[in-house]
Amino acid sequence: MDEVMDEVLINNKTYIIGKLNARKQLHVFRRLAGVFIDFIMNYKSGSIMENIQNIKDIKLIIDALAKLDDATLDYVIDHCCAVVKYRDENGHLFPIMASNGRFQYEKNLSMMDLMQIVAEVVKANLKNFTNTDRQTSNP
């Protein structure tokens with residue numbers, strides 16, 4: 001992880017969100033587009049539950065996740081978590097995934113923690129894609 005995109009506090013643990021390379025950003029976006037990208041792009045820092053407006057939002061997220069096959073969900077989780085580091089209480093940084101693709105701190109992550117980490121990575125890495133204030137040059 002070279003470039004830091006954001007630092008987030010999830011369940012009283014600090015995670016450093018790194019940058020996916022452009023190719024991985026595109027592949028992650030492609031897998032999530034049309035599924036629940038609207039929720040992620042409007043997601044604010046804080047817990048996922050704080051961002052869910054009502055029961056309808058919960059149903060949309062559950063329905064969207066149910067549409068993803070295991071390989072797609074694993075792809076998104078693995079690539080997003082590959083750019084995340086955990087900061088311990090002494091300030092040391094540790095990747096949450098080993099170079100072999102296995103989680104190093106899985107026992108310390110709840111399902112909601114993992115969902116929030118993935119959402120934060122997607123949000124940080126795709127925010128420029130949805131920025132409508134970009135200036136474009138005319139050829």
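Between ASP6 and SER110, residue separation times 0.36 nm minus the direct Cα-Cα distance comes to 35.4 nm.
Taking the fewest neighbouring Cβ atoms within 10 Å as the starting point, the ordered list for MET97, MET112 is MET112, MET97. Taking 7 Å along the Cα-to-C-beta vector as the label spot, tell me the THR14-ARG30 distance in nanometres, rounded to one decimal. With each label placed 7 Å out from Cα toward Cβ, I get 3.7 nm.
A straight chain from HIS92 to ASP74 at 0.36 nm per residue would run longer than the Cα-Cα distance by 3.8 nm.
All of the numbers you see were taken from the coordinates with simple rules; none came from a lab. Nothing here was measured: the structure is a model prediction, and the numbers come from that model. Positions of Cβ are generated from backbone atoms using ideal geometry, with glycine treated the same way; all protein chains shown enter the neighbour counts.
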